[in-house]
Every structure is written in C-alpha cells, then in structure tokens.
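*Asks:* Please read through the structure below; I'll follow up with questions.
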C-alpha cells in the first residue's frame, strides 16, 4: 500500500500534498521536529520526531520503500529514499531520479561549501506559483506511478 511521506519542516506544499493523497485515498505521514497544524483527515498522521540533525530524515528513510512517495527538498534524504525504490519529488515539482542523484548530491555539496566560505549568500530562488502548480501536476503523476508499483 502506498504511503506519502512529507518532510514537513519548511515544506511549502504540505496542504497540497494532503489534497492529492486524499484524492487517491493514500495515507500521509507529516514528519517534523515540532507539531504543526494540518487539515483534518483520517488519512493524515502527524509524526513529531525529537530535535536534532537529520532525525526526521532518518525516520522517513527508514520507512520509505518501493511504492511509496516522499516529498522533500533535502537532497541526501532524497538519495536515500530513491535507493530504496521510493518515488521522490521536491516541493517545486522536480522529481529526484536515481540516474541524476550523483550530480544533484555533488551540486548540493558544492553549493554548501560555497555558502560556508562566503562565496554564495543567497539560498536559492523564491518559491513561486509556477512551482506550486508544477508540484501538483507532478505529484499527481508520481502518485499514480507509486500506486501501480504497490499493486493498488
């Protein structure tokens, strides 16, 4: 059975993810370091993990498997989940694919290093309406694929 995991801390598309999951009647795990308000739904489970680096990521990565969907902007978490067979999408609607993970990890590590030494000051482009729309379209496609993988 497909489960939708949302890496919820700083995720701008939590409500959209829940709407798509409800349409597909898929269980949703909203994982964060603190309680957050979500739409009431029998399909939504809020998972609050202890504070600490990568605690939410570890919780998701330990459970996501083939037939599941993960929403995250975290490239290392995406890599871990893709390697277990889960389908992974970023909040801006860009899917993480296994054949591109090496490059995405390398770019992420380079940008982290450049920020640490002061060569880059901004964190990236702002989230837009087009990103939200692309996310909804891609999540719908990915959700169908995940349900096929899990035999639903």
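The values are calculated or read from the model by the stated rules, or taken from the named source; none is laboratory data. Nothing here was measured: the structure is a model prediction, and the numbers come from that model. Cβ placement follows ideal geometry from the backbone for every residue including glycine, while neighbour counts extend to all protein chains displayed.
*Asks:* In this structure, does residue 1 turn out to be at pLDDT below 95, surrounded by fewer than 21 Cβ atoms within 10 Å (Cβ to Cβ) and closer than 19 Å to residue 86 by Cα? Step through it out loud before you land on a result.
*Replies:* Numbers: at pLDDT below 95: yes; surrounded by fewer than 21 Cβ atoms within 10 Å (Cβ to Cβ): yes; closer than 19 Å to residue 86 by Cα: yes.
Yes.
*Asks:* Ok, one more. How many residues are part of a loop (DSSP other than H, G, I, E, B) and more than 19 Å from residue 149 (Cβ to Cβ) when one looks only at the stretch 49-70?
*Replies:* In the first step, residues of the stretch 49-70 are kept if they are part of a loop (DSSP other than H, G, I, E, B); the result is 49-54, 64-68.
Then keep just the ones that are more than 19 Å from residue 149 (Cβ to Cβ); that gives 49-54.
Summing the residues that are part of a loop (DSSP other than H, G, I, E, B) and more than 19 Å from residue 149 (Cβ to Cβ) in the stretch 49-70 gives 6.
*Asks:* Here's another thing I want to ask about it. Keeping to the stretch 14-32, report how many residues are surrounded by 15 or more Cβ atoms within 10 Å (Cβ to Cβ) and part of a loop (DSSP other than H, G, I, E, B).
*Replies:* The qualifying residues number 1.
*Asks:* Can you name the residue in the stretch 115-149 that is in a helix (DSSP H, G or I) and touching a helix residue (DSSP H, G or I) at 6+ places or on another chain (Cβ under 7 Å) and is also surrounded by the fewest Cβ atoms within 10 Å (Cβ to Cβ) among such residues? Explain how you work it out, then say what you get.
*Replies:* In the first step, residues of the stretch 115-149 are kept if they are in a helix (DSSP H, G or I); the result is 115-116, 129-149.
Restricting the remaining residues to those that are touching a helix residue (DSSP H, G or I) at 6+ places or on another chain (Cβ under 7 Å) gives 132, 135-136, 139-140, 143, 147.
Numbers: 132: 16, 135: 23, 136: 16, 139: 26, 140: 13, 143: 21, 147: 17.
Ranking the qualifying residues of the stretch 115-149, first place goes to 140.
*Asks:* Anything in the stretch 62-87 that is touching a helix residue (DSSP H, G or I) at 6+ places or on another chain (Cβ under 9 Å) and under 14 Å from residue 8 (Cα atoms)? List them, or say none.
*Replies:* 69, 70, 71, 72, 74, 77, 78
*Asks:* Return the only residue of 88, 48 being surrounded by fewer than 21 Cβ atoms within 10 Å (Cβ to Cβ) and modelled with pLDDT of 95 or more. Write out each step before concluding.
*Replies:* Numbers: 88 fails: surrounded by fewer than 21 Cβ atoms within 10 Å (Cβ to Cβ).
Selected residue: 48, the only one of 88, 48 that is surrounded by fewer than 21 Cβ atoms within 10 Å (Cβ to Cβ) and modelled with pLDDT of 95 or more.
*Asks:* So for the stretch 12-30 (the condition being more than 25 Å from residue 129 (Cβ to Cβ), touching a residue at least 24 places away in the same chain (Cβ under 8 Å) and in contact with a helix residue (DSSP H, G or I) (Cβ under 6 Å, 6 or more places away or on another chain)), does at least one residue qualify?
*Replies:* No: the stretch 12-30 contains no residue that is more than 25 Å from residue 129 (Cβ to Cβ), touching a residue at least 24 places away in the same chain (Cβ under 8 Å) and in contact with a helix residue (DSSP H, G or I) (Cβ under 6 Å, 6 or more places away or on another chain).
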